[in-house]
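Heads up, the thing below is written out as structure tokens.
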Amino acid sequence: MRAVLVVNPQATATTPAGRDVLAHALASQVELDVVETDYRGHAMMVARAAASDEVDLVVAHGGDGTVNEVVNGLLSTTDGKPNCYASAPMLGVVPGGSANVFARNLGLPRDPVEATHHLLNAIGQGRGRQVGLGRADGRWFTFNAGMGWDADVVAAVDRRRGKRTSPWLYSRTAVACYLRPPQGRPELTVRVPGEEPAQVRTAFVSNTDPWSYLGPRPVHLNTGCSFDLGLGLFALTGLGLPTVLRHVRQALRRRGQHRGRRLVRHDDVALISVTAESPVNFQVDGDLVGQRTHVEFVSVPRALTVAV
């Protein structure tokens with residue numbers, strides 16, 4: 001088996017010693033190349049080259065941003081078509097970030113050493129899971145994407161990205177962006193097949209649940225969402241303080257059941273269209289893509305195989 005290990009040395013929990021242990025362990029079972037990323041987009045380029053070279057396995061060691069780049073590189077030749085997972089290399093993940101949402105929702109160990117052992121066992125036993133992903137404006141996402149408040153938070157955190165990035169930084173930034181929206185609160189129009197268009201102030205699209213974690217605590221928006229089903233939509237028609245506090249409390253509860261008259265929510269949706277009256281921030285998997293006035297979010301079943 002030929003494999004490439006992609007390491008983001010700037011990720012929160014990656015260290016040179018951990019990288020060396022992972023590389024040594026993998027090299028005992030596969031023919032391995034190791035690449036450390038130097039800039040944003042580097043992991044995507046490495047994964048794209050690996051896919052073109054018909055490498056069998058690409059392992060991402062970093063946070064969710066690194067995983068997202070690797071996934072986009074691996075699937076760059078499938079053109080978003082369902083059931084094309086067999087044409088792309090298998091993905092392996094060894095968490096090295098602060099949240100590691102994708103890895104945790106797959107049931108992978110958070111500790112990099114334990115995750116390495118888990119990956120080696122999966123390789124040895126040929127274990128893989130086919131997962132559905134989301135695609136938005138030509139960009140793949142593994143667990144979430146959005147326009148509005150959440151993307152404003154991502155944009156603000158992006159300016160401070162570094163070793164100290166943490167869920168608590170996101171929480172503080174969310175409060176700051178709520179109190180002083182950097183772009184105001186432009187109206188968004190959400191369209192779901194078979195439903196009437198809805199006018200909302202923020203739109204969040206999930207590919208799994210939980211969509212994030214506050215330390216060990218899961219945050220739920222669409223509990224009916226999973227890697228085996230379609231996308232979930234969570235949108236609010238207003239962002240008044242009572243509305244926001246209600247849904248924050250519901251998101252942090254164990255069952256994560258949301259109710260409220262300002263809520264627009266759908267699970268297992270194949271297509272979601274969001275149009276803004278003026279350009280708004282747009283994020284995928286916690287990375288800022290840019291500003292958009294229209295994005296279509298598409299569910300792609302069985303898009304990729306992950307070593308689990």
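The values are calculated or read from the model by the stated rules, or taken from the named source; none is laboratory data. Everything numeric here is computed off the predicted structure, so don't read it as measured data. As a convention, Cβ positions derive from the backbone with ideal geometry for all residues, glycine included, and neighbour counts pool all protein chains shown. Heads up: the accessible areas ignore ligands, DNA and RNA and are worked out on the full protein's heavy atoms, side chains in. Shrake-Rupley method; radii C 1.70, N 1.55, O 1.52, S 1.80 Å.
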Exercise. Using only Cα atoms, find the angle between the long axis of helix 167-179 and the longest principal axis of the chain, and express it within 0 to 90 degrees, rounded to the nearest 10.
Key: 20 degrees
Quiz item: Which Cα, out of Ala235, Val35, Val46, lies furthest along the positive dipole direction of the chain (beta carbon charges, K/R +1, D/E -1)?
Solution: Ala235
Quiz item: Using a 1.4 Å probe, what is the accessible area per residue for the chain, in Å²?
Solution: 44 Å²
Quiz item: Which of these, Ala156, Ala17, Ala103, has the largest mean-square fluctuation under a Gaussian network model of the chain (Cα springs below 10 Å)?
Solution: Ala17
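Using a 1.4 angstrom probe on heavy atoms only, work out the carbon and sulfur share of the accessible area of the chain in %.
Of the solvent-accessible surface of the chain, carbon and sulfur hold 50 percent.
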Exercise. Give me the angle, in degrees from 0 to 90, between the Cα long axis of helix 112-125 and the longest principal axis of the Cα atoms of the chain, rounded to the nearest 10.
Key: 70 degrees
Exercise. Give the angle, between 0 and 90 degrees and rounded to the nearest 10, that separates the Cα long axis of helix 42-52 from the longest principal axis of the Cα atoms of the chain.
Key: 60 degrees
Quiz item: In percent, how large is the relative contact order of the chain, given Cα pairs closer than 8 Å and 6 or more residues apart?
Solution: 21 percent
Self-check item: Environment charge of His118, counting only residues whose C-beta is closer than 15 Å and scoring Lys/Arg +1, Asp/Glu -1
Solution: +2
Self-check item: Neighbourhood net charge (14 Å Cβ-Cβ; Lys/Arg +1, Asp/Glu -1) for Glu277
Solution: +2
Practice problem: Add +1 for every Lys or Arg and -1 for every Asp or Glu among the other residues with Cβ under 14 Å from the Cβ of Glu31, and state the total. | Solution: -3
Quiz item: So how do Ile272, Ile123 rank on accessible area, 1.4 Å probe, biggest first, that is with the largest at the start?
Solution: Ile123, Ile272
Exercise. Take the chain, connect every pair of alpha-carbon atoms lying under 10 Å apart with a spring to form a Gaussian network, then pick out the residue of Asn121, Asn100, Asn222 with the largest mean-square fluctuation.
Key: Asn121
Self-check item: Sequence-distant residues sharing a close amide H with Leu5 (under 5 Å, placed H)
Solution: Asp33, Val34, Val35, Val59
Practice problem: Only Lys, Arg, Asp and Glu count, each charged at its Cβ (+1, +1, -1, -1), so figure out the dipole size of the chain about its Cα centre, rounded to 20 debye. | Solution: 1420 debye
